[in-house]
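Worksheet for the structure shown next.
FYI, it's all coordinate maths here, none of it is from the lab. Nothing here was measured: the structure is a model prediction, and the numbers come from that model. Virtual Cβ from ideal backbone geometry, glycine too; neighbours counted across all protein chains shown.
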Amino acid sequence: MIIAEQKPLDEIKSMIADYQKVLILGCGTCVTICFAGGEKEVGALASALRMATRLDGQNKEFIEATVQRQCEYEFNEEVADLIEEADVVLSLACGIGVQTMNEQFPNKLTLPGLNTAFLGQPVEQGVWDERCQACGDCVLYLTGGICPIARCSKSLLNGPCGGSQNGKCEVNPEIDCAWQLIYDRLQALDRLDLMMEVKPAKDWSTSRDGGPRKIVREDLRLTFVEEKQS
Amino acid sequence: MKAGSNLEKVLTAGYFAATGELGPPQSADTAVIEKKAGYLKGYVDAVNITDCQTAVVRMSSMAVAVMLLRLGLEPTMQMTCRDRNRIAIQSDLLGAAALGIKNLLCLTGDHQVFGNHPTAKNVFDLDSMQLLSMVKGLRDDRRFQCGDEVKGPEPRFFIGAAANPFADPFDFRPYRLAKKAKAGADFIQTQIVFNVPKFREYMKRVVDLGVHEQCYILAGVAPIKSFGAARYMATKVPGMDVPDEIVQRMKATPKEKQAEEGIKVCVEVIQQVREIPGVAGVHIMAIEWEESVAEITAQAGLLPRPAV
C-alpha cells in the first residue's frame, strides 16, 4: 500500500496561513491503515491546528471529514458541500488524492497535509518498509521474491556490491542488504543458479524514466462498449 | 591485444603488474596533478584516476587521464554508474578512446549519501556488471548498448573491474568475480587486502573456478599512515577487513615511526599476496600519500618496471 507521513505542523501552518476556513479531508484507504491520514489523524490534526492557531491569535475554523477513497471522484462527491463551504482543503490523502481533489474541484485549492513516502508494508507496529518502486517490469521471479529495485540502495540487478557487510547496506546500517536477503532466500530454495547469470541492462522505459505512465484497458472502457453497440 | 595498453602488455607478457592510483583535486588545479604524477611515474605500469570517489565532486577522471597521458604516464580511467546513464557513459567512452585512453575500470560507484552532495539524484541506470558488458560489446561486437553498429573506429579498452573479497556473503564472492570476467573484465583490482589468510582462501576458490585464467587479478594494497588511520579503516569503512593484529602493531609503534611501519606492513602484504596462486599483480592505493609509492615498490622488489 501507499505509505505516507504527516508534514511538520509548522509547514502546514504556513500553507494555510492565508485561509480562514479549512476543510481537513482524510482518506479511508492506505493512509488510514498507516496512521497518517485517516479519520483519527484528521481529528488529531484539527485539534492541534485549532490550538496552535489560537495561540497565534488567529481565529481559524477547521472542518473535519474523511472519505473512503480520495483518489476517486465518486467518494469525494459525497463531501462536495463541505468543500464548497471551505476556503481551502487540507488533504490528508496521498499525492494522488490531493491531485484528484484539485482536478475535481478546480475552483478550490487542495493542499497536501502529508508527504507521500513509498509503496510499502508494515513490518511491525509503527514500522513501514519500502517494497516496490512500480518500475513496471517486475523482476521478483528472478530474485526469490525480494525486490532489488526498491530495496537495494543502488537498484543493482547483479548484486550484492562490495558494501554488503553482516547483512547490512553500506548506505545505512538500518537498511538490510537486499542482495544478502536474495542470496539467502535463493539458497534456501536451492535456486542460486539464478544469481550466476549476468542480468542484462534493465528496460527502464516502463518506469518513471519513460515519462508519466498510463494504462488503457480498451476492454474496460465505456466508450469501447458504446462503439461496439453502435 | 585488446587495447594495446602498457598494462595489458605487462600482464600478457607474464610480468607481475603494479598499478597506482591518483585522486583528482576538488578544484581546477593542474599543479597538484603534475606533482602526484611525478610521485608515480616510473614506479607503476598504469595509474587509476578515480571518478569522484566517495561521491565527492572532483576534477573529471577523463580530464585527469588526458593530463597523465601528456605527462607520459598511462592512465586507467575509472567510470561509475552513479552519475551517468548509458547514453552519457557511451559518449564519454567514445571521447576517452579518441583521446588515447586505453584502460577503463568499470564500477557501480559509491552512493552519493557518502559525498558532499547527499541531496543529489543518482542514476544507476546500469550496474557494474552491465557496464562491463556494454564496454565489451562496444569493443568486440562494435555495437552500442542499444544494438546499433559503431560506424567507424570502435572504442577499445583493456577492461577492468573491482572485487571485494571481504564483503558478504563470502561464499558468493568468487562467483561474482566469475560473473565479472564473463561480463567482460580483462583485469580485476580488489579491495585493499590486509587480511591475507582470508584473501588466500578467496583466491583458492577463484582459482578452483578457473577465473584467474579468464582475467588478470591484481590484489589491492595500501600503506596505512597512522594508528588512527588503521583504527578508522578497521571500524568505520564498510567492506574493509583490517585484522586487529595490524591495528595493534600500528598502535605499538611510536607516532613518528607509524608511517614507516605502515609502508612496511604494505610491503609485507605485497610479498605475501605475490605468492598466492592466481595473483597477477598489485594495485597500490596510496590515495593522498602518493609519495610513498616509490618506497613501497622499491622495498617490495617491484622495480624497475618492465618496458614492454
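Under 5 Å from the amide H of residue B:161 lie the amide H atoms of B:106, B:187, B:188, B:189, each residue being 5 or more positions distant or on a separate chain, with H modelled from the backbone and absent for Pro and chain starts.
Among the residues of B:124-135, the average count of other protein chain beta-carbon atoms within 10 Å of the residue beta-carbon is 5.
For region B:245-257, backbone phi angles converted through the Karplus equation (6.51, -1.76, 1.60; θ = phi - 60°) give residue-by-residue couplings of 5, 6, 4, 5, 4, 5, 5, 6, 8, x, 3, 6, 9 Hz, Gly and Pro being listed as x.
What longest region of chain B stays clear of GluC sites (Glu not before Pro) that DSSP places outside H, G, I, E and B and that have at most 13 other Cβ atoms within 10 Å?
Working: sites that count: B:275, B:288.
Here the longest run is B:1-274.
Each Cα pair under 8 Å and six or more residues apart adds its separation to the average, and for region A:135-230 the resulting relative contact order is 25 percent.
Fully extending the segment from residue A:218 to residue A:175, taken as 0.36 nm per residue of separation minus the present Cα-Cα distance, adds 11.3 nm.
Only one residue of B:285, B:181, B:234 has its Cα farthest out toward the positive end of the dipole of region B:158-308, where Lys and Arg carry +1 and Asp and Glu -1 on Cβ, and that residue is B:181. A crude spin-label estimate for the pair residue A:54 and residue B:255, with each label 7 Å from Cα along the Cβ direction, gives 6.2 nm. Past the 23 Å Cα-Cα mark, which pairs from B:198/B:264; A:199/B:198; A:60/A:108; B:41/B:182; A:199/B:182? Beyond 23 Å: A:199/B:198; B:41/B:182. Inter-label distance, residue A:117 to residue A:102: 2.3 nm, where each label sits 7 Å from its Cα along the C-beta direction. For residue B:46, the residues whose modelled amide H falls within less than 5 Å of its own, excluding neighbours fewer than 5 places apart on the same chain, are B:20.
For residue B:149 and residue B:91, the difference between the fully extended length at 0.36 nm per residue and the C-alpha to C-alpha distance is 19.5 nm.
Please report B:142, A:208 as a ranked list, fewest other C-beta atoms within 10 angstrom at the top and most at the bottom. Please list the in-between numbers first.
Details: B:142 16, A:208 12.
Lowest count first: A:208, B:142.
Which residues does the label zone of residue B:114 cover in region B:38-81, counting backbone N under 12 Å from a point 7 Å along Cα→Cβ? Backbone N within reach: B:51-56. From least to most packed, judged by other beta carbons within 10 angstrom and beginning with the fewest, A:1, B:59 follow the order A:1, B:59. Positive end of the dipole of region A:85-230 (Cβ unit charges, origin at the Cα centre): among A:132, A:89, A:206, the Cα lying farthest that way belongs to A:206. From the alpha carbon centroid of region A:14-65 to that of region B:223-278 is 59 Å. The ranking of B:198, B:225, A:214 by Cβ neighbour count inside 10 Å, starting from the fewest, reads A:214, B:198, B:225.
Residues whose amide H comes within less than 5 Å of that of residue A:90, counting only those at least five positions distant or on another chain, are A:23, A:24, A:25, A:111 (H built at 1.01 Å from N in the peptide plane). The charge dipole of region A:1-140, taken about its Cα centre with unit charges on the Cβ of Lys, Arg, Asp and Glu (plus for the first two, minus for the last two), comes to roughly 340 debye.
A simple rule links phi to the HN-Hα coupling: the Karplus curve 6.51 cos²θ - 1.76 cosθ + 1.60 with θ = phi - 60°, which for region B:297-304 gives 5, 5, 4, 7, x, 9, 10, x Hz, with x for Gly and Pro.
Given a Förster distance of 56 Å, report the FRET efficiency between residue A:68 and residue B:236 from their Cβ-Cβ distance, rounded to the nearest 0.05. List each step's numbers first, then the result.
Working: r = 50 Å, r/R0 = 0.90.
E between residue A:68 and residue B:236, to the nearest 0.05, is 0.65.
Here residue A:40 is the anchor, and the lysines within straight C-alpha reach of less than 17 Å, apart from those fewer than 8 places off in the same chain, are A:7.
Between residue B:28 and residue A:11, take the C-beta separation as r, use R0 = 35 Å, and let me know the FRET efficiency to the nearest 0.05. Present the calculation step by step, with values, prior to reporting the outcome.
On the way: r = 39 Å, r/R0 = 1.13.
For residue B:28 and residue A:11, the calculated efficiency is 0.35.
Only the Cβ atoms of Lys and Arg (+1) and of Asp and Glu (-1) were treated as charged; on that basis the dipole of the protein assembly as shown about its Cα centre amounts to roughly 1920 debye.
Of all DSSP beta bridges located in the protein assembly as shown, what percent are antiparallel, nearest 5?
25 percent
Among B:135, B:113, B:206, which one moves the most in a GNM of chain B with springs linking Cα atoms closer than 10 Å? Taking springs between Cα atoms under 10 Å, the residue moving most is B:113. Going by a ≥ b ≥ c, the root eigenvalues of the Cα gyration tensor, does the protein assembly as shown fall in the rounded group (a/c under 1.5), the prolate group (a/b larger than b/c) or the oblate group? Judged from the Cα gyration tensor, the protein assembly as shown comes out prolate (a/c at least 1.5, a/b above b/c).
Which part of region B:94-120 falls in the paramagnetic zone of residue B:56, meaning amide N under 19 Å from the point 7 Å along Cα-to-beta-carbon? Within reach of a label on residue B:56: B:109-120.
Of B:10, B:152, A:34, which is farthest on the positive side of the dipole of the protein assembly as shown, counting Cα position, with +1 on Lys and Arg Cβ, -1 on Asp and Glu Cβ, and the Cα centre as origin? The residue sitting farthest along the positive end of the dipole is B:10.
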